[in-house]
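Input: a single structure, listed below in structure tokens.
The values are calculated or read from the model by the stated rules, or taken from the named source; none is laboratory data. As the structure is a prediction and not an experimental result, all values here were calculated from the model. FYI the Cβ positions are ideal-geometry reconstructions off the backbone, even for glycines, and counts take in every protein chain you see.
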Amino acid sequence: MTVVAAPTRSITFATGAGASLLAALFGAASVLGFAPFYVWPVPIVTLAGFAWLIRQASSARRAAALGFAFGMGFFLTGVSWVFVSMHDFGGMPIPIAAFATAFFCAYLALFPAAVGYLTRRMIAAADAVRLALVFPAAWALSEWIRGWMFTGFPWLAVGYAQSPGGPLSAYAPLIGVYGVSLATAATAGTLAWWSPWTRVRRGWRGVLTHPAVVMLLCVWVLALGLRTVQWTTPAGAPVSVSLAQGNIKQDIKWQAESVQASLDTYLRLTLSSPGRLILLPETAIPLLDNEVPVNYFDLLAQHARDNHGDSLVGVPQVEPGNPPRYYNSVRSFGTQPGQTYRKHHLVPFGDYFPDWALISWIMSTLDIPMSSFSRGPAVQPPLQVADQRVAVNICYEDVFGEEIIRQLPQATLLANFTNDAWWGDSIASEQHLQMSQMRSQETGRYMLRATNTGVTAIIDERGQVQAKAPQFVTTILNGTAQGYIGSTPYVRWGNAVVLALACGMLAAALWRGRKA
């Protein structure tokens with residue numbers, strides 16, 4: 001494969017420390033596209049700047065270094081709240097927590113570095129078409145790989161920045177968040193060529209008929225048309241819902257002297273709830289289910305029956321055995337027979353301690369209760385409650401779109417049970433809300449979010465927040481939710497389509513390179 005060097009005047013800039021600093025600034029600014037800011041055009045512009053730097057780089061190795069700088073700026077700004085989890089609530093000493101946070105962000109930065117390397121390796125500096133093919137394909141594939149490697153961390157996939165109001169989010173029901181990332185990066189790749197400093201030899205007519213620009217126009221025109229499509233249809237009457245937010249501080253949640261106060265808080269909130277469907281968040285009950293006072297679940301069930309509905313309650317479960325197995329679960333109580341969902345996608349260092357040799361030292365520095373859960377089944381049926389079929393997911397599970405669709409199209413509603421108190425008063429909870437909004441867009445379903453400290457919300461089938469509770473307030477969020485039936489293309493095919501598109505774009509770029 002032949003690498004064509006960029007013009008000398010650009011090489012001088014792209015090999016200096018200034019270019020690395022600029023790449024890091026582009027990465028840091030990209031976070032403005034995500035919640036709670038929702039400035040969706042920003043990542044398009046910053047990715048275009050990153051692609052332009054790649055194009056000017058003197059070598060693939062230099063492009064990788066620029067990608068690493070972009071990634072460090074991006075992730076240190078966007079996900080450094082993991083420090084709060086490790087230090088404030090995990091008990092890790094500040095120096096170790098700071099090192100672990102930097103190490104984690106450096107690992108994540110390897111993915112933009114790979115994008116920089118692959119893109120510069122495959123393009124000629126003056127070939128806008130190959131840039132518009134390789135850069136978005138490499139970016140989308142890197143996000144997909146990041147979403148499953150070492151159990152996956154798909155946080156801040158750039159497609160999320162388009163949810164719910166960005167025009168490119170119209171692709172979510174077709175090709176999911178990675179498809180929206182692909183469209184976002186394709187726009188950026190074209191802008192990196194079509195920039196104010198680009199010399200246009202054929203005039204404006206030549207620009208508008210350039211293959212890369214034609215591809216960009218097709219992406220955006222199609223997106224605008226897709227926004228009018230209704231992929232799913234309402235099923236039955238709306239159901240009244242009540243989402244409890246107990247606002248139990250994480251540092252006291254599991255202390256023995258605080259357990260009764262938590263039980264009292266959630267019982268009081270439940271008994272004041274008018275909804276046919278009542279949701280209590282992840283581990284709202286801070287005891288194993290066999291340790292809960294004998295009449296507590298009876299009181300929850302009786303109130304649900306009085307409302308002619310059901311309650312869904314987050315509670316840890318124990319399954320006797322040698323050794324016993326523990327599950328992060330949601331149980332139902334009310335008019336329907338009792339049902340259970342058990343969390344499948346567990347969070348390393350949150351739900352369990354992984355035995356990874358390189359970072360096993362972290363285990364001895366963390367003090368996280370309830371961190372030895374077992375996995376529930378990968379495929380579990382929706383819970384049939386309050387005349388709805390509810391696809392339950394617990395906390396981190398709703399950031400994995402292809403796992404959510406396992407319960408579809410049977411489910412009429414999605415419900416997320418979360419304890420985001422681990423992240424303190426950071427932007428993480430709002431970012432998590434935005435990912436739930438994307439799940440609604442991908443599936444054409446309402447998403448109900450019951451959380452301990454926020455963000456508790458009702459999200460409609462187009463990803464719009466219909467009701468939202470203030471964070472760090474003990475409250476009940478009351479509203480209605482409409483069940484939906486039908487399948488979006490993403491529900492049918494998952495990530496297969498976007499992976500095929502990305503691989504096809506790389507193949508087209510290789511073919512074009514050999515033909516040149």
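Of the residues making up segment 446-454, none is assigned by TED's automatic domain parsing to the domain that holds Ala185, buried (at least 20 other Cβ atoms within 10 Å of the Cβ) and either touching a helix residue (DSSP H, G or I) at 6+ places or on another chain (Cβ under 6 Å) or aliphatic (A, V, I, L, M) (or both). Condition (residue is in contact with a Phe, Trp or Tyr (Cβ under 6 Å, 6 or more places away or on another chain), farther than 18 Å from Trp155 by Cβ and either not assigned by TED's automatic domain parsing to the domain that holds Cys395 or not in a helix (DSSP H, G or I) (or both)) applied to segment 489-497: is it met by at least one residue? No, segment 489-497 contains no residue that is in contact with a Phe, Trp or Tyr (Cβ under 6 Å, 6 or more places away or on another chain), farther than 18 Å from Trp155 by Cβ and either not assigned by TED's automatic domain parsing to the domain that holds Cys395 or not in a helix (DSSP H, G or I) (or both). Screening Ser59, Ser10, Ser30 for residues that are among the polar types (S, T, N, Q) and at pLDDT 95 or above leaves exactly one candidate, Ser30. Of all the criteria given as (1) assigned to a loop (DSSP other than H, G, I, E, B); (2) among the β-branched types (Val, Ile, Thr); (3) touching a residue at least 40 places away in the same chain (Cβ under 8 Å), the one not satisfied by Val241 is (1). In segment 487-514, of all residues being surrounded by fewer than 17 Cβ atoms within 10 Å (Cβ to Cβ) and among the small types (Gly, Ala, Ser), the one that is nearest to Glu461 (Cα to Cα) corresponds to Ser487.
With respect to the stated conditions, Leu174 is over 30 Å from Trp81 (Cα atoms), modelled with pLDDT of 95 or more, under 27 Å from the mean Cα position of the chain (by Cα) and not acidic (Asp, Glu).
For (1) under 24 Å from Val115 (Cβ atoms); (2) at pLDDT 60 or above; (3) touching a Ser or Thr at 6+ places or on another chain (Cβ under 6 Å), each residue gets a yes or a no:
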position: Gly189; (1), (2), (3): yes, yes, no
position: Trp194; (1), (2), (3): yes, yes, no
position: Val200; (1), (2), (3): no, no, no
position: Gly203; (1), (2), (3): no, no, no
position: Leu208; (1), (2), (3): no, yes, no
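Note on segment 74-105: among residues that are among the small types (Gly, Ala, Ser), under 19 Å from the mean Cα position of the chain (by Cα) and assigned to a helix (DSSP H, G or I), the one that is nearest to Asp251 (Cα to Cα) is Ser85. Scanning segment 123-156 for residues that are not hydrophobic (A, V, I, L, M, F, W, C) and not in a helix (DSSP H, G or I), which turns out farthest from Thr184 (Cα to Cα)? Checking each candidate, the answer is Gly152. For Ile248, state whether it is buried (at least 20 other Cβ atoms within 10 Å of the Cβ), hydrophobic (A, V, I, L, M, F, W, C) and at pLDDT below 95. Yes, satisfied. Taken residue by residue, segment 266-285 has no member that is over 16 Å from Leu243 (Cβ atoms) and aromatic (Phe, Trp, Tyr). When restricted to residues that are aliphatic (A, V, I, L, M), under 22 Å from the mean Cα position of the chain (by Cα) and part of a loop (DSSP other than H, G, I, E, B), segment 464-487 contains 1. Scanning segment 157-179 for residues that are among the hydrophobic types (A, V, I, L, M, F, W, C) and assigned to a helix (DSSP H, G or I) gives Val158, Ala161, Leu168, Ala170, Ala172, Leu174, Ile175, Val177.
Taking segment 392-445 as the range and being touching a helix residue (DSSP H, G or I) at 6+ places or on another chain (Cβ under 7 Å), over 17 Å from Lys468 (Cβ atoms) and acidic (Asp, Glu) as the test, the residues that pass are Glu397, Glu403, Glu442.
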